[in-house]
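Below: the structure, in structure tokens.
The values are calculated or read from the model by the stated rules, or taken from the named source; none is laboratory data. On a predicted model such as this, the values are computed, not experimentally measured, just so you know. Cβ atoms come from the backbone with ideal geometry, glycine included; neighbour counts cover every protein chain shown.
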Amino acid sequence: MQQLHAYWRMEYIEAPRYPAKMRKPFTELPALGNDREALIVHRSKLSYLVLNRFPYNPGHLLAVPFREVEALDALTTAERADLFEEIILAQQLLQTALRPDAFNIGFNLGAAVAGGSIAHLHGHIVPRWNGDNNFMPVIGQARILPQALDATWEKLAAAVTQLGPKPRARRAKRR
């Protein structure tokens, strides 16, 4: 049997996921006052982008409304528009910073049955690359993440600066 060594993963495994006192991370993270520590990449008026602490791939972002709601129809019209603009911005930031080949974008609506662990509504923006899945998720029931969250945050923060304060909507280039 071949041995796989990823010694750096232990630091990630043992790291606290959220401050121990945090009961509602999606409402409490923005209040920390330190976007780098909270892994918040961008804030708009009604929602924000945060790196997923349990990513499927490097750069896996979450678009989260500041107001805690559990369903899409509980959002106001303004919140819906703002949240969708954050999703579009997330895709632009990831394209600028990480150059993925494609994206998975979606929501887990409902409790754990739908795949969500936090009831606060949030959208997932997952960058994908050709060949990013190998045998590990299927046979080993594990994912290999080639980049640490801090390094990903740095790249996305640079992309926010590069795109400017209010990026315009643009069509993705076809490959």
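Residues in region 9-55 that are in contact with a helix residue (DSSP H, G or I) (Cβ under 8 Å, 6 or more places away or on another chain), of a type in the set (K, R) and either at pLDDT below 90 or under 24 Å from R80 (Cα atoms) (or both): R43, K45, R53. Cβ-Cβ contacts under 7 Å between residues 6 or more apart (or on different chains), taken from a first residue in region 50-67 that is buried (at least 18 other Cβ atoms within 10 Å of the Cβ) to a second residue that is at pLDDT below 95 and aromatic (F, W, Y), are listed as L51/W153; V64/F26. Restricting region 58-111 to residues that are in contact with a Phe, Trp or Tyr (Cβ under 8 Å, 6 or more places away or on another chain) and outside any strand (DSSP E or B) leaves a set whose member that is nearest to W153 (Cα to Cα) is L94. For region 26-49, a residue qualifies if it is in contact with a strand residue (DSSP E or B) (Cβ under 6 Å, 6 or more places away or on another chain) and in a strand (DSSP E or B), and the qualifying residues are I40, V41, H42, S47, Y48, L49. Restricting P58, P100 to those that are of a type outside the set (S, T, N, Q), modelled with pLDDT under 95 and over 25 Å from R23 (Cα atoms) reduces the list to P58.
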